[in-house]
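Student: Just dropping this structure here.
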Amino acid sequence: MTATNPKPSQTVIRPDKDRFLADQNPFEEMMSRFDDAAKHLNLDPGLYKILRHPEKQIIVSVPVQRDNGEVEVYTGYRVLYNTSRGPAKGGIRFDLQVTLDEVKALAAWMTWKCAVVNIPFGGAKGGVICDPSTMSNAELEKLTRRYTSAIIETLGPDSDVPAPDVNTNERVMAWVMDTYSMHKRHTVTAVVTGKPVEMGGSLGRREATGRGCMIVTREALRKLGMPVKGTRVAVQGFGNVGSIAAELMEAEGMTIVAVSDKSGGIYNPKGLGIKDVLQYVRKNRFLTGYPGGKNITNEELLTLDCDVLVPAALENVITRDNAARIRARIICEGANGPTTAAADRILDEKGVFVIPDILANAGGVTVSYFEWVQDRGGYFWDEETVNQRLEKIMVHSFEEVTSMAERHGLDNRIGAYMLAIERVAAVHRLRGMYA
Ligand code: NAD
């Protein structure tokens with residue numbers, strides 16, 4: 001291997017990285033809710049200890065020869081949090097913000113999420129610390145293949161099934177599937193979900209998370225006696241989840257008054273035309289400069305006068321600093337972990353109806369489950385069947401979470417954790433402990 005003309009590294013640590021690690025450790029955020037739910041469930045101390053620890057944490061070094069000949073070594077993680085209910089399931093993200101604690105939190109959330117919608121998976125997550133925006137396609141392919149081979153012992157349709165997450169997509173899943181299949185000497189489509197439809201992906205998977213958000217928001221409006229038509233919605237994040245949620249909510253008759261991406265937000269109290277906004281973003285990549293609304297910041301979007309707020313971008317955006325100023329009646333958490341534990345308490349006191357992430361964005365993993373089932377059966381469903389089955393699961397899970405919360409006089413998030421932890425704990429009790 002040659003290492004000629006090394007250029008200074010292009011990776012830049014984002015300024016908020018240290019603050020994020022110190023103040024809002026995602027694993028501790030997750031654990032504070034877990035503890036709350038465990039206390040209300042009166043979880044026995046042995047099970048409490050088991051469920052508080054990830055089953056397996058893998059750290060790998062991933063060497064890649066960059067296009068300029070320089071060798072870079074990236075750090076990658078794969079965490080299997082709990083596999084008592086079935087194979088581990090969870091995405092792979094490529095991002096500079098990736099930390100082991102973040103991957104652990106995301107793996108735990110996947111465990112609870114799969115249990116909330118009652119699909120037979122455990123929870124996992126993977127990540128590589130890198131900045132894909134500075135890497136060529138060839139470099140990304142090398143990184144993906146080397147990372148896949150580094151964790152190949154845990155992967156498999158019966159053991160650990162990745163999916164796309166932040167900065168990974170269908171293309172990356174195709175490389176994971178191919179690398180795994182080359183090692184196994186035969187094609188194994190069910191080793192990843194979120195693949196291109198041509199190679200065993202499911203119809204409806206791309207839209208599934210946004211569709212799930214739309215379904216649970218509609219159920220929440222119904223529950224609170226609010227009309228669907230004309231309900232004013234603000235959406236933070238205009239990527240896969242946010243843009244599709246906005247499009248489908250608009251199709252149901254809701255008015256999308258604001259959307260944002262990392263370039264900023266746009267606001268129009270009369271309603272934005274989402275098809276038009278999507279077309280603009282397809283052409284210009286970002287929302288900035290869109291002529292059909294007033295420019296606002298991401299922070300302003302969160303505290304807008306609206307009925308439904310959909311945070312669908314990042315973790316820790318609704319915090320103790322802005323929670324008191326939130327004016328939405330309903331928050332539908334499209335992103336994972338957008339609300340801190342401190343903000344939860346403020347929102348609860350204000351009577352905001354929060355549809356927690358482990359329910360609100362579970363449409364994606366639900367259709368990933370359908371994809372895995374279709375791959376293993378070798379029999380593919382039409383899109384209408386996928387959407388009908390998704391709708392049934394989301395409506396039923398919404399009902400189960402809100403009933404649990406009401407029964408115990410708690411907020412929906414703790415209700416969702418209780419439902420999930422109880423399901424995982426029940427399997428542990430039945431299986432007993434291997435010694
Ligand atoms: P994506 O990369 O397609 O879109 C992310 C969007 O957020 C982009 O529009 C980006 O510009 C915007 N964004 C980034 N930084 C921002 C900032 N600082 N302020 C405002 N906007 C910002 O990602 P996605 O797949 O839509 O995922 C979004 C969230 O939903 C993540 O938390 C992810 O873990 C979660 N999620 C995704 C899925 C899925 O199926 N895609 C499933 C469950 C949960």
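The values are calculated or read from the model by the stated rules, or taken from the named source; none is laboratory data. Since we're looking at a predicted model, the values are computed, not measured. Note that each Cβ is placed from the backbone with ideal geometry, even for glycine, and that neighbours are counted across all protein chains shown. What goes into the accessible areas is simple: the full protein's heavy atoms, side chains included, and nothing from ligands, DNA or RNA. Shrake-Rupley method; radii C 1.70, N 1.55, O 1.52, S 1.80 Å.
Student: For the range 239-329, calculate the relative contact order in percent as a whole number, restricting contacts to Cα pairs under 8 Å that are 6 or more residues apart.
Tutor: Rounded, it is 27 percent for the range 239-329.
Student: Taking H as built 1.01 Å from N, whose amide H comes closer than 5 Å to the amide H of Gly91, not counting residues under 5 places away?
Tutor: Amide H neighbours of Gly91, under 5 Å, 5+ apart: Gly126, Ala163.
Student: Starting from the Cα gyration tensor of the chain, take the square roots of the eigenvalues, sort them a ≥ b ≥ c, and report rounded, prolate or oblate (rounded when a/c is under 1.5, otherwise prolate if a/b is larger than b/c, else oblate).
Tutor: It comes out rounded by the Cα gyration axes.
Student: As a test of the formula, what do you get for the chain when each DSSP H run with n ≥ 4 contributes -39,500 (n - 2.57) and the sum is divided by the residue count, at 222 nm and rounded to the nearest 500 deg cm²/dmol?
Tutor: -14500 deg cm²/dmol
Student: Quick check: residue separation of Lys229 and Arg320 times 0.36 nm, minus the Cα distance between them. What number comes out in nm?
Tutor: 29.6 nm
Student: Shifting gears a bit: Kindly write out, for the range 297-313 in residue order, the coupling ³J(HN,Hα) from the Karplus curve 6.51 cos²θ - 1.76 cosθ + 1.60 (θ = phi - 60°), rounded to whole Hz, with x marking Gly and Pro.
Tutor: Running phi through 6.51 cos²θ - 1.76 cosθ + 1.60 with θ = phi - 60° gives 8, 4, 5, 5, 4, 4, 10, 5, 6, 8, 8, 10, 10, 10, x, 9, 10 Hz.
Student: Sort Lys104, Lys142, Lys195 by heavy-atom solvent-accessible area, probe 1.4 angstrom, most to least.
Tutor: Largest to smallest exposure gives the sequence Lys142, Lys104, Lys195.
Student: Trypsin sites (Lys or Arg not before Pro) within the range 203-275: which are DSSP loop residues with at most 10 other Cβ atoms inside 10 Å?
Tutor: Filter output for the range 203-275: Lys229, Lys270.
Student: Apply the Karplus parameterisation 6.51 cos²θ - 1.76 cosθ + 1.60, with θ equal to phi minus 60°, to every residue of the range 403-419 and state each ³J(HN,Hα) to the nearest whole Hz, in sequence, with x for glycine and proline.
Tutor: Values per residue, Gly and Pro as x: 5, 4, 4, 5, 4, 9, x, 10, 6, 4, 5, 5, x, 5, 4, 4, 4 Hz.
Student: Treat each spin label as a single point 7 Å out from the Cα along the C-beta direction, and report the Lys270 to Leu96 distance in nm.
Tutor: For Lys270 paired with Leu96, the spin-label model returns 4.1 nm.
Student: Apply the Karplus parameterisation 6.51 cos²θ - 1.76 cosθ + 1.60, with θ equal to phi minus 60°, to every residue of the range 377-387 and state each ³J(HN,Hα) to the nearest whole Hz, in sequence, with x for glycine and proline.
Tutor: Once rounded to whole Hz, the list reads x, x, 9, 9, 9, 7, 5, 5, 4, 4, 5.
Student: Going by amide H atoms built from the backbone, whose H comes under 5 Å of the H on Ile256, apart from near neighbours?
Tutor: Residues meeting the amide H criterion: Val233, Leu272.
Student: Using protein chains only and a probe of 1.4 angstrom, how many square angstrom of Cys114 are accessible, to the nearest 10?
Tutor: 0
Student: Sticking with this structure for a sec: Shape of the range 255-307 from its Cα gyration tensor (a ≥ b ≥ c, root eigenvalues): rounded if a/c is under 1.5, otherwise prolate when a/b > b/c, or oblate?
Tutor: oblate
Student: For a quick check of your reading of the filter: which GluC sites (Glu not before Pro) in the range 106-212 sit in a DSSP loop and have no more than 14 other Cβ atoms within 10 Å?
Tutor: Answer in residue order: Glu153.
Student: Mind grabbing the accessible area of Arg146 for me, 1.4 Å probe, Å², rounded to tens?
Tutor: 120
Student: What distance in nm separates the simple spin-label points at Asn137 and Ala251, each placed 7 Å from Cα in the Cβ direction?
Tutor: 2.9
Student: Using a/c under 1.5 as the rounded threshold, could you call the range 349-435 rounded, prolate or oblate? The axes a ≥ b ≥ c are square roots of the C-alpha gyration tensor eigenvalues, and prolate needs a/b larger than b/c, oblate otherwise.
Tutor: The shape class here is oblate.
Student: Quick one: if the Förster radius is 25 Å, what FRET efficiency do Arg52 and Glu406 give, using the C-beta to C-beta distance and rounding to 0.05?
Tutor: On the way: r = 27 Å, r/R0 = 1.08.
Result of the calculation: an efficiency of 0.40.
Student: Among Lys229/Lys283; Lys56/Lys113; Lys113/Lys184; Lys56/Lys89, which pairs are too far apart, with a Cα-Cα distance over 21 Å?
Tutor: Beyond 21 Å: Lys229/Lys283; Lys113/Lys184.
Student: So, one more: Might you tell me the accessible area per residue for the range 237-362, computed with a 1.4 Å probe and given in Å²?
Tutor: Numbers: 5160 Å² over 126 residues.
Value for the range 237-362: 41 Å² per residue.
Student: So, one more: Note down the relative contact order for the range 359-435 as a percent, whole number, built from C-alpha pairs under 8 angstrom at least six residues apart.
Tutor: RCO, the range 359-435: 23 percent.
Student: Just grab the label-to-label distance for Ile59 and Gln388, each label 7 Å out from Cα along the Cβ direction, in nm (one decimal).
Tutor: Those two pseudo-labels are separated by 5.0 nm.
Student: Okay, moving on. Where does each of His40, His428 land when they are ordered by accessible area, with a 1.4 Å probe and the largest first? Walk me through the numbers on the way to the answer.
Tutor: Details: His40 80, His428 40 Å².
Order by accessible area, largest first: His40, His428.
Student: Quick one: which residues, 5 or more positions from Asn316 or on another chain, have an amide H under 5 Å from its amide H? H modelled 1.01 Å from N in the peptide plane, none for Pro or chain starts.
Tutor: Answer set, sorted by chain and number: Thr339.
Student: Antiparallel versus total DSSP beta bridges in the range 54-142: what percent is that, nearest 5?
Tutor: Restricted to the range 54-142, the bridges split so that about 75 percent are antiparallel.
Student: What percent antiparallel are the DSSP beta bridges of the chain, to the nearest 5? The partial results should precede the final answer.
Tutor: Numbers: 24 of 49 bridges.
Expressed as a percentage, antiparallel bridges in the chain total about 50.
Student: Defining a contact as two alpha carbons under 8 Å apart and six or more residues distant in sequence, what relative contact order in percent does the chain show?
Tutor: For the chain, the relative contact order is 16 percent.
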